[in-house]
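Beneath this line is the structure, given in structure tokens, with notes to follow.
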Amino acid sequence: MFELDHVVYFTKRSPEEIVEKVEIEKVHPVIGGQHLQWGTHNALFYTKSSYIEWLSIEDLEKARHTNHPLIKQLLYDVDDRDGFASICLRSDNLEQMDKYFSKMGYKTSGVLPSERKTADGEVIRWKMLFIDQKVDESLPYPFFIEWEKDTEERYSALRESGAVKEANEELTINKCKFHVHDVEKKLTQWSRLLSLPFKDNQLKLSNTKFEFIESNDEKERLQTVEVVKSWTIE
């Protein structure tokens, strides 16, 4: 069963502006760092098991010369729309997933090594995998991530750095709502890709739900992310 790793929000604002102005349930995002090979930088807002990433361009020339699928979408979208863009799902074996998708007939980016340099100079590494898809008005498929460290190790380090506070871990991304032109078609496509059944226009992951809503928006995109407080009954 897939888990949501993070939601990507494209913006023209810098990470510093996001940290200063954005607040969710009285908690602010933190500065993530720089993707030096892509010419981008980000701010991050962590919840109990996933996070929101505000991604913006730091070096336009470098961004224009990268072949990275997410940066191509950023360049396509950001001139006319600040908003949610894509979602990323966690995996513990992207090489195996790549072979599986290929057997199903999907073309992929292949496994892409990635890294981010934090403000204090630490380099955080991971791998990514994308379904090959033209960047246009159609809804982008989810992309996939495999972290160098497991979730427990990452969150332990994030708590130590102050990026994750107790208030962050009281929150969850409960639902992601996508505006699409043909709900049944998108549900069928995503259900096949993720090997998940759908019901009531929704796909259910272990830590969130995806809901598809018919819309006449020019671009099919993730429109709304619901962040709610988690309740523990003991």
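In table form, for the structure just shown:
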{"quantity": "Loop-located GluC sites (Glu not before Pro) in the range 141-186 whose Cβ has at most 15 other Cβ within 10 Å (DSSP)", "calculated": "148, 166"}
{"quantity": "Label-point separation, residue 25 to residue 196 (7 Å along Cα→Cβ), nm", "calculated": "2.0 nm"}
{"quantity": "Unit charges on C-beta of K, R, D, E only; dipole of the chain, Debye", "calculated": "580 debye"}
{"quantity": "Dimensionless Rg ratio for the range 28-182, taking C-alpha atoms and the 2.2 N^0.38 Å reference", "calculated": "1.07"}
{"quantity": "GNM flexibility winner over the chain from 93, 207, 168 (Cα, springs under 10 Å)", "calculated": "93"}
{"quantity": "For the range 85-146 versus the range 190-234, the gap between their alpha-carbon centres in whole angstrom", "calculated": "19 Å"}
{"quantity": "Whole-number Å³ per residue for the convex hull built on Cα positions in the range 80-169", "calculated": "142 Å³"}
{"quantity": "Residue 175 paired with residue 204, simple spin-label distance in nm, labels 7 Å along Cα-to-beta-carbon", "calculated": "1.3 nm"}
{"quantity": "Equivalent ellipsoid semi-axes, the range 113-162, via Cα gyration tensor eigenvalues times 5, rooted, Å", "calculated": "28, 12, 11"}
{"quantity": "Integer Hz, Karplus 6.51/-1.76/1.60 couplings in order for the range 197-203, x for Gly and Pro", "calculated": "x, 10, 8, 6, 6, 10, 10"}
{"quantity": "Solvent-accessible area of residue 57 with every protein chain in place, 1.4 Å probe, in Å² to the nearest 10", "calculated": "50 Å²"}
{"quantity": "Positive-end residue, the chain charge dipole about Cα centroid, Cβ charges, pick of 145, 54, 167", "calculated": "145"}
{"quantity": "Neighbour-limited loop hits for GluC sites (Glu not before Pro), the range 19-67 (at most 11 other Cβ within 10 Å; DSSP other than H, G, I, E, B)", "calculated": "23"}
{"quantity": "Residue-normalised accessible area of the chain, expressed per residue, 1.4 Å probe, Å²", "calculated": "52 Å²"}
{"quantity": "Solvent-accessible area, 1.4 Å probe, carbon plus sulfur percent, for the chain", "calculated": "46 percent"}
{"quantity": "Net charge dipole size for the range 121-234 [Lys, Arg +1 and Asp, Glu -1 on Cβ; Debye, nearest 20]", "calculated": "200 debye"}
{"quantity": "For the range 50-134, with +1 on Lys and Arg beta carbons and -1 on Asp and Glu, the positive-most of 102, 124, 73 along the dipole", "calculated": "102"}
{"quantity": "The chain: calculated mean residue ellipticity at 222 nm from DSSP helix runs of at least 4, using -39500 (n - 2.57)", "calculated": "-6500 deg cm²/dmol"}
{"quantity": "Accessible area, probe 1.4 Å, largest first, for residues 62, 219, 48", "calculated": "48, 62, 219"}
{"quantity": "Sites residue 151 and residue 182 - FRET efficiency at Förster radius 25 Å, r taken between beta-carbons, to 0.05", "calculated": "0.10"}
{"quantity": "Listed peptides 94-107, 132-145 by packing density, highest first (mean Cβ within 10 Å)", "calculated": "132-145, 94-107"}
{"quantity": "DSSP beta bridge pairing in the chain, given as percent antiparallel to the nearest 5", "calculated": "75 percent"}
{"quantity": "For the chain, with +1 on Lys and Arg beta carbons and -1 on Asp and Glu, the positive-most of 224, 193, 212 along the dipole", "calculated": "193"}
{"quantity": "Cα→Cβ-extended label distance, 7 Å offset, between residue 60 and residue 104, nm", "calculated": "3.8 nm"}
{"quantity": "Over the range 1-119: Rg over Rh, Cα atoms, Kirkwood Rh", "calculated": "0.98"}
{"quantity": "Zero-based 5 Å bins, Cα pair distances in the range 105-226, whole percents", "calculated": "2, 9, 14, 17, 17, 17, 12, 8, 3, 0"}
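The values are calculated or read from the model by the stated rules, or taken from the named source; none is laboratory data. None of the values given here were measured: they were computed from a predicted structure. Positions of Cβ are backbone-derived with ideal geometry, glycine not excepted, and every protein chain shown enters the neighbour counts. These accessible areas exclude ligands, DNA and RNA; they are computed on the full protein's heavy atoms, side chains included. Shrake-Rupley method; radii C 1.70, N 1.55, O 1.52, S 1.80 Å.
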